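The values are calculated or read from the model by the stated rules, or taken from the named source; none is laboratory data. The model shown is predicted, which means the values in this text are computed figures rather than measured ones. Cβ: placed from backbone, ideal geometry, glycine included. Neighbour counts: every protein chain shown.
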Amino acid sequence: MMCSVKTCVVLLFTIGVVSVQAGQVLAEDPAATPLNVSFVRDIVPILTKSGCNAGPCHAKAGGGPNGFQLSLLGFEPAEDYENLVLEGNGRRIFPAAIEHSLILRKATGQVSHVGGVRIEAGSPNYLKIAQWIEQGMPYQQPNEPELERMEVIPAKMMLQPNAQVQLQALAHYSDGTSRDVTSLALYESNAVAMLQVDPSGAVVASDLPGRAAVMVRFQGKTAVMSASIPLGAELGVFPANRNFIDEHVFNNLRELGLPPSPICDDGTFLRRVTLDIAGRLPSEREATEFL
């Protein structure tokens, strides 16, 4: 069933009423909730997720394409609002015919755009922007709560080799409400050879054992999911702990299914520890002084 932008916005507004009444954690669909749209709370995250305010795009140093400048990752929302809504006599927004607004036509590729298609026409993010224009393009809502912290679920887990898991990103606000922003958050793995994550927050582990993490970012706040990928080897009997460091090391090895290395000579120890700490082999002078 096809509908006009205005009709779709009204339908999503109705869906939002049901979603909020169901509980304090707001639905993930960015076009459905919150009911009253805010540039700071709702539109900036869409621009960030779509890459509009990334360095190579409209946050480029010295000015964005066609004079449209945004702050890097939306860290200056007041300036972004002025540039989007007020600059150029408001040519980027057309409230009388929302679907003809340049911000929507450019992002959907209906008008030539160097950055290509960033938002699909009729998608939740498209309709959220249309809903914001329909409501008069408010910068913020009265008594709008502030984002206090981010949470990622799960925050820590054991992933078997080649296993997959879907992350959930929750934004917690100063008024006690929480909002599911899984579809709007940014995800980055610190070790892509071990742990890969796509833009939706879906994580896939490789068959390399060890530990890796995924950083989740949303409007200047971050949360981290750490994952352990076990080797699954036969462990046998561990040596007795000689100090508190051994206790932590052996606990980690047991969790990862990695047997401890046998006692080695001083030269082997120096080579291993130098590679681990400095990422290189020991120099001749270092070897002479240590041995």
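Miscellaneous remarks
- Take the conditions (1) surrounded by fewer than 17 Cβ atoms within 10 Å (Cβ to Cβ); (2) closer than 18 Å to Asn53 by Cβ; Ile129 misses just one of them, which is (1).
- Filter pass, Arg280 being part of a loop (DSSP other than H, G, I, E, B) and touching a Ser or Thr at 6+ places or on another chain (Cβ under 7 Å): yes
- Residues in segment 177-200 that are crowded, with 21+ Cβ neighbours inside 10 Å and of a type in the set (Gly, Ala, Ser): Ala185 alone.
- Counting only residues that are farther than 21 Å from Tyr126 by Cα and in contact with a Ser or Thr (Cβ under 9 Å, 6 or more places away or on another chain), segment 79-95 holds 1 of them.
- Residue within segment 215-235 that is at pLDDT 95 or above, surrounded by 16 or more Cβ atoms within 10 Å (Cβ to Cβ), of a type outside the set (D, E, K, R) and touching a Phe, Trp or Tyr at 6+ places or on another chain (Cβ under 7 Å) present: yes
- Inter-residue pairs, beta-carbon under 6 Å, first of a type in the set (Lys, Arg) and in segment 201-216, second surrounded by 16 or more Cβ atoms within 10 Å (Cβ to Cβ), 6+ apart: Arg211/Ser228
- Checklist (1) under 24 Å from Pro154 (Cα atoms); (2) in contact with a Cys (Cβ under 8 Å, 6 or more places away or on another chain) applied to Arg272, failing item: (1)
- Single match in Leu231, Leu208 (criterion: under 29 Å from Pro260 (Cα atoms), outside any strand (DSSP E or B) and in contact with a helix residue (DSSP H, G or I) (Cβ under 8 Å, 6 or more places away or on another chain)): Leu231
- Across segment 76-114, the number of residues qualifying as within 16 Å of Pro138 (Cβ to Cβ), among the acidic types (Asp, Glu) and in contact (Cβ under 8 Å) with a residue 24 or more places away in the chain comes to 1.
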